[in-house]
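To start, the structure itself, in structure tokens.
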């Protein structure tokens, strides 16, 4: 049955940030499978915080834009810089962005709220909207959705790509006063949502532990991968050198990853000292944020000649480079699943996954048997042995292939969207569908 859904999504083309991918896929496959998405995004995104490109919304998806009255991330950054310099004069070290923590609630995108509410009310009236979908982050968008629901009495779907105030995310080191504010806001958001979606089973379980009252309205819909996003031709020719690749955020601000950072770079250093790898036969390609940090870590471990550091490149280019690599380094923040997991398996590239035990490990072992999963109890010697084993297997053409078809049956963006639609039809619209509410990795 046709459903008119208003999609509130700050991250949407022409923005190119990774946060766009989920909403873009939902809108595309809502349209294909009978729903009518009307997207409301931002006309003047915060250029200091977001990446703007030439991407366009999916064909046939009606998209509207509203202005943000304030884009303050640059101002907040300058305020924090000035505060840091001032306090340094009296030997006080600033470890938090206190202007942000004090003044930006629920985040620094709150300037988008007023005009988006007004625009949303007009679109609801014009299109006879059946439900409101809100993609978070930014969490300011949740306030937009709640206000629209209260005025119109239309059901509200909240979709958290990232958690806001989960206590299990202790690595965030957020001051207590801000934690209390965020927890109150999060509880308010969840109370007003009719259905609440997250992107991993571990996140869902953590939310149920913290907010048991939402158990009946929280569901997991994983992010997945859209095969339609693959370039017209993906190279099957590998780099001449044995290549390990990493793209995106290195999650270096999560102390839980320090052990994995040391394990990986010490493993490279060990192999270099044994002359198992040299700059002539090995390279580690890094694309993304934190370039100076990676350079410093590589230098500290004496492997700068093996490590090649580049800024972010286009999505098509990074997919091409992943496909030409021999191994893909995988790192995560516990509870959340990086999009790189969903890219490596369809491209047939095994992982060198330095990750904690849990859901991501289960997915890799099920669908990518040629990968190497190294958790907390492993050492740099295990990293070295995994790289050498992969090198030998490639030389013998003995790489164990990923189960791409079965993986995409579960994690294609189209199938995850259908699962989302089935849950909403049952929980909000009363149309019982044949769908499994919780995806289990057996």
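Bear in mind that the values in this text are calculations on the coordinates, not laboratory data. Please read all numbers here as calculations on a predicted model, not as lab measurements. Every residue, glycine as well, gets a Cβ built from its backbone with ideal geometry; the counts of neighbours run over all protein chains shown.
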Practice prompt. Would you please give the FRET efficiency between residue 305 and residue 381, computed as 1/(1 + (r/R0)^6) with r the Cβ-Cβ distance and R0 = 25 Å, to the nearest 0.05?
Written response: 0.70
Worksheet item: What ranking of 35, 112 emerges when the number of other C-beta atoms within 10 Å of each C-beta is taken as an exposure proxy, fewest first?
Response: 35, 112
Practice prompt. Mind telling me which of 397, 281, 71 comes out most flexible in a GNM of the chain, alpha-carbon contacts under 10 Å?
Written response: 397
Worksheet item: Order of 330-339, 12-21 by packing, highest average Cβ count within 10 Å first?
Response: 330-339, 12-21
Discussion item. Cut-off is 10 Å between beta-carbons; in what order do 79, 131, 328 appear when sorted fewest neighbours first?
Written reply: 79, 131, 328
Item to complete: Stick to the Cα atoms of region 336-416, pair each with every other, and give me the Kirkwood hydrodynamic radius in Å at one decimal.
Response: 13.4
Item to complete: Counting other beta carbons within 10 Å of each Cβ, put 98, 342 in order, fewest first.
Response: 98, 342
Worksheet item: For region 228-406, what class follows from the C-alpha gyration tensor (a ≥ b ≥ c being the square roots of its eigenvalues): rounded when a/c is under 1.5, otherwise prolate if a/b is larger than b/c, else oblate?
Response: rounded
Worksheet item: In deg cm²/dmol, rounded to 500, what helix-only [θ] at 222 nm does the chain give when every DSSP H run of at least 4 residues adds -39500 (n - 2.57) and the total is split over its residues?
Response: -12500 deg cm²/dmol
Worksheet item: Tell me, how many Å apart are the Cα centres for region 144-204 and for region 282-297?
Response: 33
Worksheet item: Relative contact order, percent, of the chain when contacts are C-alpha pairs under 8 Å separated by at least 6 residues?
Response: 13
Item to complete: Starting with the highest mean, order 41-49, 263-271 by the number of other Cβ atoms within 10 Å, averaged over the residues of each peptide.
Response: 263-271, 41-49
Worksheet item: Extent of region 70-185 along each principal axis, from alpha carbon coordinates, in Å, largest to smallest?
Response: 60, 31, 19
